[in-house]
Amino acid sequence: MNRVRRLSLLLATLAATPVLAQPMPGYGGGFGGDRWGSRFHDRGERTTAQPSKSVDVTAYRAADAGDLLGKGRIVVAAIDGAEAEWKLPVYEAAVVDELARRGYDTANASGAGQVAQVAISHATVVPEEAPHKPVSGEMSTTISNRGTGFGMALAVDLSKPRKAIVSSRLDVRIRDKATNRVLWEGHAEAQAREGDEGLDNGAMALRLASALFAKFPEGQVVARIEAAAPPPPEMPEGEMRPPSGIPLAPPVTSAGH
């Protein structure tokens, strides 16, 4: 009888005692279990996108370019309509170096027989991350007839937000200066992450130019497009145009008497 009374007294004491919060190793195993921990982990997860290491290159060569490529004097200029921005000369200088390596005379611009037109464009592939919260966390509370308990986890993030990933494209078009016809053209495109001072255009210019001219003057052969024939002259009012391929008959004149 005394044993039963002691057991009842012990159970009553435990029921009236609040349950203390327990530690949550690894943000799991506490109040809410592993699911609470996984929610906290998901909120702290950031993008893991990285810039591509490859350089995409496409090049075209005129079928009638013959032996004109890779020799003679050439001058470098911006493509008509290209943005006149401060970084374009950086890419033009890289193109000049590559043209000189491929056999062109880039030191004497006067009397150049060809012109290499250059353009550069940029596009944001992945935007810059938003500022990080230095301290973040979550709290879970449990209430039962045995008492109240709570759990809390804090995350400290002192890292800087990741800069944007930018895609850069270099376009080069080589024309015959006398006829203005295109002999060769190509473009190279690559990605890089911006630094604290923006994109390193010097490094990107060397990377794109070297990849674009790696196999110069090779390229997909493109047949020359002939100029369209001019339209036939307008006929005077009242005269009929003969069918195509039939020449006009000379006018008939009456002989004088």
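The values are calculated or read from the model by the stated rules, or taken from the named source; none is laboratory data. Given the structure is predicted, the values throughout are model-derived calculations rather than measurements. Using ideal geometry, Cβ is built from the backbone for each residue, glycine included, and neighbour counts are taken over all protein chains shown.
Quick look at the values:
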quantity	calculated
Tally, over the range 174-213, of residues that are hydroxyl-bearing (S, T, Y), more than 16 Å from Y91 (Cβ to Cβ) and either assigned to a helix (DSSP H, G or I) or touching a residue at least 12 places away in the same chain (Cβ under 8 Å) (or both)	0
Leading residue by the ranking (modelled with the lowest pLDDT) among those in the range 58-84 that are more than 12 Å from Q117 (Cβ to Cβ), loosely packed, with under 12 Cβ neighbours inside 10 Å and touching a strand residue (DSSP E or B) at 6+ places or on another chain (Cβ under 8 Å)	A84
Residues that are hydrophobic (A, V, I, L, M, F, W, C), outside any helix (DSSP H, G or I), surrounded by fewer than 17 Cβ atoms within 10 Å (Cβ to Cβ) and at pLDDT 90 or above, drawn from the range 85-114	A107
Condition met for P242 (modelled with pLDDT under 95 and in contact with a Leu (Cβ under 8 Å, 6 or more places away or on another chain))	yes
Check on T179, of a type in the set (S, T, Y), modelled with pLDDT of 90 or more and touching a strand residue (DSSP E or B) at 6+ places or on another chain (Cβ under 9 Å)	no
